[in-house]
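The values are calculated or read from the model by the stated rules, or taken from the named source; none is laboratory data. Predicted model, so just to flag it, every value in this text is computed and none were measured. Note that each Cβ is placed from the backbone with ideal geometry, even for glycine, and that neighbours are counted across all protein chains shown.
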Amino acid sequence: MSAVTWRGVFTFNKYSQITASAVRKSLKEEQRLASEKRGITALRYQVWENGKGGNQVTLDPAQESDPKKKTAAV
Amino acid sequence: MAALRLATSAARRAPSAIHISRRGYAEASDKIKLSMALPHQSIFSSTDVVQVNICAATGDMGILANHVPSVEPLRPGVVEVIESSGSKKWFTSGGFATVHPNNTLTINVVEAAPLEDFSTEAVRTNLQEALRVASGNGTEEDKLEARIEADVYESLQHALGSK
């Protein structure tokens with residue numbers, strides 16, 4: 001059982017992300033398309049100085065361009 | 001005199017006797033308040049249900065009214081909710097079930113869907129793919145991830161097979 005072995009490698013958050021995406025991928029076509037966006041966790045930030053916004057920095061570019069691609073972040 | 005002493009001691013014992021009877025076996029006629037929530041949807045919100053069967057990390061369990069307070073981590077599996085009108089099953093990806101002291105049960109999971117929303121073919125192909133990656137020569141992390149996914153698919157197949 002993987003239940004015992006994942007702890008040393010993944011955090012609980014990562015583990016629940018993996019199981020959630022596996023559940024999403026098993027849905028019927030219609031529900032799967034609707035649910036796919038939920039798995040995306042993307043974050044962009046921007047530093048504002050003197051009323052002007054600086055560059056937008058994407059924390060995990062791979063996640064934003066291709067959410068299905070697996071990343072070891074988190 | 002002895003009879004009087006017996007009567008007073010019985011009176012003294014009476015309140016605790018009432019208290020104990022409240023903590024006995026749950027009666028099937030009693031209801032438990034269930035709240036089941038996903039990050040994007042609330043499936044039940046303080047709804048009176050008869051029984052909830054969950055796949056806890058330590059084993060499968062059924063929760064009736066007046067259950068002892070507890071926190072149970074859930075493994076990927078079926079949550080069955082039995083209402084007086086009938087029962088319904090969801091497949092959940094894992095999360096937590098908490099029984100509160102006031103006869104309330106909350107289930108928080110990341111992803112859940114009714115069993116009829118799953119495609120048997122998708123599960124089968126996903127399982128094959130996951131098993132292939134798990135036994136391939138990727139990194140240890142990739143293989144473990146595939147192993148976790150394969151466990152989800154196997155559990156799904158089992159749930160769909162026994163629907």
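Considering only the range A:38-52, state which residues are at pLDDT below 80 and among the polar types (S, T, N, Q).
Once the filter is applied, which keeps residues that are at pLDDT below 80 and among the polar types (S, T, N, Q), the range A:38-52 yields only A:THR41.
Only one of B:GLU149, B:GLU145, B:GLU140, B:GLU111 is at pLDDT below 90 and either within 8 Å of another protein chain (Cβ to nearest Cβ) or touching a strand residue (DSSP E or B) at 6+ places or on another chain (Cβ under 7 Å) (or both); which?
Criteria check complete, one pass: B:GLU140.
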* Set B:LEU74, B:LEU105: member being in contact with a strand residue (DSSP E or B) (Cβ under 9 Å, 6 or more places away or on another chain), outside the structural domain of B:LEU144 (by TED's automatic domain parsing), more than 30 Å from B:LEU144 (Cβ to Cβ) and surrounded by 20 or more Cβ atoms within 10 Å (Cβ to Cβ) -> B:LEU105
* Would you be able to say whether some residue in the range B:117-134 is assigned to a loop (DSSP other than H, G, I, E, B) and of a type outside the set (Phe, Trp, Tyr)? => yes
